[in-house]
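*Asks:* First the structure, then my questions, so here it is.
The values are calculated or read from the model by the stated rules, or taken from the named source; none is laboratory data. Small disclaimer: the values here were computed from a predicted structure and weren't measured. Don't worry about glycine lacking a Cβ; one is built from the backbone with ideal geometry, like all the others, and counts go over all protein chains shown.
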Amino acid sequence: MLIHAHNLSFSYAQQTVLDDISLSLQAGQLIGLIGPNGASKSTLLKLLAGLYKPQQGDIQLLGKPLSAWPARERGRVLAWLEQQGAIHWPLSVERLVALGRLPHLTPWQTISAVDEAAIEHTLEATNVLHLRKRSAQTLSGGERSRVLLARALAGQPRVLLADEPIAMLDLAHQLQIMQLLRDIAQGEAGVIVVLHDLSLAARYCDQLYLLQQGRVVAQGTPPQVLTEALLRKVYGVECAIQWGHIPSITALYPVP
Amino acid sequence: MRYSLLVALLSALVLTLFISSLMIGRNPLPIWQAAQASLHDTSSIVAIILTEIRLPRALIGLSVGATLGLCGAAMQGLLRNPLASPDLIGSASGAALGAIIVLYYGWQANFSYLLPLASMVGALLTTLLIFVLTGRSAGITTLILAGVAINALMGAMMSLLLNLAPSPYAMRELVLWTLGDLTDRSMDDFWLMLPFTVLGWLLLLGIGHGLRALSLGEQTASTLGVQTLWLRWRILLAIAFALGAAVATTGMIGFVGLVVPHLLRPLVQYDPARLLPVSALGGAALVLAADIGVRLIPSESTLQVGVLTALVGAPFFLHLILRSRYEQI
């Protein structure tokens, strides 16, 4: 078990944001968090990343309470990819991606050959190798998303928590990155990803958690979660769902 | 440019300026003869000029300049904001106010450490106030507004003290002191500031990876294993110690902490960690050069170093703003 979260509740400014959520991520699993805007998917991810502390419930990372992990050790095991993450200085793509190796370095250590190899590998996997010398502030939205994903993957984490990594990408790159996440989520590693594209969620994820207003409305395999009735209830939209080799979910019209 | 080459060039520049600073003045000293004279006859005029006037001045210029550059680079890295610098956001005026209060009442005569201590407390409180006002992610607007407000407040309190100054002579002393100056400093002044300066510098050792991680924002940095709160405190205390000691010794020398990191950042490929040592060298070079400048510029009364750095720094700062505006389009 990579992550086991039990009965999580979190409130912010006296408002309950997450209410009694349990979730577990196994090695080899790709879990999709779906739900309408404001369902607190990102907040859940931040709780799992240790950025916020739940008021109730507990989170175990590799069988050890998340809060008991020393920060740098946790950084080696778990990576969190912020939704539209910031890049504050015009660093080169290469240097930016290298930041993902920081948890592997002591304060005075510089990048080693092992680190170099990991960086090289991720640059290639995310299809940004040709951008390596470019300044991060000259990238297009899609290039930037892929570079930031490469940063998160450069540390070779066992757990990747990715918040809408494909939101800015074109169709080809959406498929490419989902396939990459699928490939990462095998063997010892697992991925939790926040998605808005339900067809891609249905196609690539093993498990889906459908959230609405901070609660899990449904959880299970894509065919268990993505039903017309449930989507109507949660999104207020009439959908056409086709399950085939490549599932497709089309929003038709809002429910009157 | 390669990093090691840049460090070597800046070190050579600092060394050259340091030696020039020993040689240049109302009485030019040929350095080699002066050094030999100081060794053989410590009571000769040449030896006294070298060891009691020029040497403390150069040493103080060197360490104050390094402190200003270092604190500027650390603060810009921490707040991820090229406009953040201890003088712009009010830390320096806080330190100055602390020192002026002590000078005004003449307390330093009883206890010499009181002057740097008061400066440090002033720098600590104003920097802390900035952190409280701007919160965890300092946007440019909040930061500048907070800086303007704090500078205005500190300025008003300094004006109040000047207003109440017992004599025109005392007032002149206080005003000159706010302008930043290196003249008439002794080795005692240098020894007084040195421990606090070194303590501040030591606090900044090993923060490089943390500043690098902060390029991705505070939350991502903390998932990368950076103790962001501790990093903040370290930089806050470093500024309080090193900048407090510097301001207590020389008064406010403006714009060095802003301009130097700004100039050098592209040369280290915007790496906030490598920027720290080169900014220390650059700051030392700038203050030493400005101090040589005020000695070379012929004028009736002595020019103040802080006036010169502000005269050069402010237009340069405007130029930077204009350039960054064009680049963003």
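*Asks:* Can you pull out every residue in region A:115-136 that is crowded, with 23+ Cβ neighbours inside 10 Å and among the small types (Gly, Ala, Ser)?
*Replies:* Residue satisfying the conditions is A:Ala136 alone.
*Asks:* So which of A:Leu99, A:Leu148 ends up being under 22 Å from A:Ala185 (Cβ atoms), buried (at least 21 other Cβ atoms within 10 Å of the Cβ) and touching a residue at least 24 places away in the same chain (Cβ under 8 Å)?
*Replies:* Selected residue: A:Leu148, the only one of A:Leu99, A:Leu148 that is under 22 Å from A:Ala185 (Cβ atoms), buried (at least 21 other Cβ atoms within 10 Å of the Cβ) and touching a residue at least 24 places away in the same chain (Cβ under 8 Å).
*Asks:* Please work out if B:Leu78 is in a helix (DSSP H, G or I), surrounded by 14 or more Cβ atoms within 10 Å (Cβ to Cβ) and of a type in the set (A, V, I, L, M, F, W, C).
*Replies:* Against the criterion (in a helix (DSSP H, G or I), surrounded by 14 or more Cβ atoms within 10 Å (Cβ to Cβ) and of a type in the set (A, V, I, L, M, F, W, C)), B:Leu78 qualifies.
*Asks:* Please determine, by comparing only the residues of region B:223-246 that are assigned to a helix (DSSP H, G or I) and within 14 Å of another protein chain (Cβ to nearest Cβ), which one is farthest from B:Leu276 (Cα to Cα).
*Replies:* Going through the qualifying residues, I end up with B:Thr223.
*Asks:* Here are some conditions: (1) within 8 Å of chain B (Cβ to nearest Cβ); (2) assigned to a strand (DSSP E or B); (3) out of contact with any Gly (no Cβ under 6 Å at 6 or more places or on another chain); (4) of a type outside the set (Lys, Arg). A:Pro90 meets all but one. Which one does it not meet?
*Replies:* It is condition (2) that A:Pro90 fails.
*Asks:* Exactly one condition in (1) crowded, with 21+ Cβ neighbours inside 10 Å; (2) assigned to a helix (DSSP H, G or I) is false for A:Pro165; which is it?
*Replies:* Single failed check for A:Pro165: (2).
*Asks:* If I ask for residues that are more than 10 Å from chain A (Cβ to nearest Cβ) and either surrounded by fewer than 19 Cβ atoms within 10 Å (Cβ to Cβ) or part of a helix (DSSP H, G or I) (or both), which ones from region B:195-210 would you list?
*Replies:* Once the filter is applied, which keeps residues that are more than 10 Å from chain A (Cβ to nearest Cβ) and either surrounded by fewer than 19 Cβ atoms within 10 Å (Cβ to Cβ) or part of a helix (DSSP H, G or I) (or both), region B:195-210 yields B:Pro195, B:Phe196, B:Thr197, B:Val198, B:Leu199, B:Gly200, B:Trp201, B:Leu202, B:Leu203.
*Asks:* Right, something else. Give me the residue from region A:40-61 that is part of a loop (DSSP other than H, G, I, E, B) and either within 14 Å of chain B (Cβ to nearest Cβ) or surrounded by fewer than 23 Cβ atoms within 10 Å (Cβ to Cβ) (or both) and, out of that set, farthest from the chain's Cα centre (by Cα).
*Replies:* Across region A:40-61, the extreme among qualifying residues is A:Gln55.
*Asks:* Let me ask you something else. Among the residues in region B:44-60, are any more than 14 Å from every other protein chain (Cβ to nearest Cβ), crowded, with 24+ Cβ neighbours inside 10 Å, in contact with a Pro (Cβ under 9 Å, 6 or more places away or on another chain) and under 20 Å from B:Gly306 (Cα atoms)?
*Replies:* no
One line per residue, one yes/no per condition, for (1) aromatic (Phe, Trp, Tyr); (2) closer than 28 Å to A:Tyr204 by Cα; (3) touching a residue at least 12 places away in the same chain (Cβ under 8 Å):
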position: A:Thr16; (1), (2), (3): no, no, yes
position: A:Gln26; (1), (2), (3): no, yes, yes
position: A:Leu30; (1), (2), (3): no, yes, yes
position: A:Ala49; (1), (2), (3): no, yes, yes
position: A:Gly63; (1), (2), (3): no, yes, yes
position: A:Ser67; (1), (2), (3): no, no, yes
position: A:Pro70; (1), (2), (3): no, no, no
position: A:Val77; (1), (2), (3): no, yes, yes
position: A:Glu82; (1), (2), (3): no, yes, yes
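*Asks:* Which condition from (1) part of a helix (DSSP H, G or I); (2) closer than 30 Å to A:Leu66 by Cα; (3) within 14 Å of another protein chain (Cβ to nearest Cβ) is the one that B:Leu216 breaks?
*Replies:* Every condition holds for B:Leu216 apart from (1).
*Asks:* Identify, by number, the condition in (1) modelled with pLDDT of 95 or more; (2) in contact with a strand residue (DSSP E or B) (Cβ under 9 Å, 6 or more places away or on another chain) that B:Gln219 doesn't meet.
*Replies:* Of the numbered conditions (1) modelled with pLDDT of 95 or more; (2) in contact with a strand residue (DSSP E or B) (Cβ under 9 Å, 6 or more places away or on another chain), the odd one out for B:Gln219 is (1).
*Asks:* Test A:Leu230 against the stated conditions and say whether it is more than 21 Å from the chain's Cα centre (by Cα), surrounded by 16 or more Cβ atoms within 10 Å (Cβ to Cβ), without any contact (Cβ under 8 Å) to a residue 24 or more places away in the chain and farther than 26 Å from A:Leu148 by Cα.
*Replies:* yes
*Asks:* Of the conditions (1) modelled with pLDDT under 85; (2) under 23 Å from B:Phe190 (Cα atoms), B:Leu70 fails just one. Which one is it?
*Replies:* (1)
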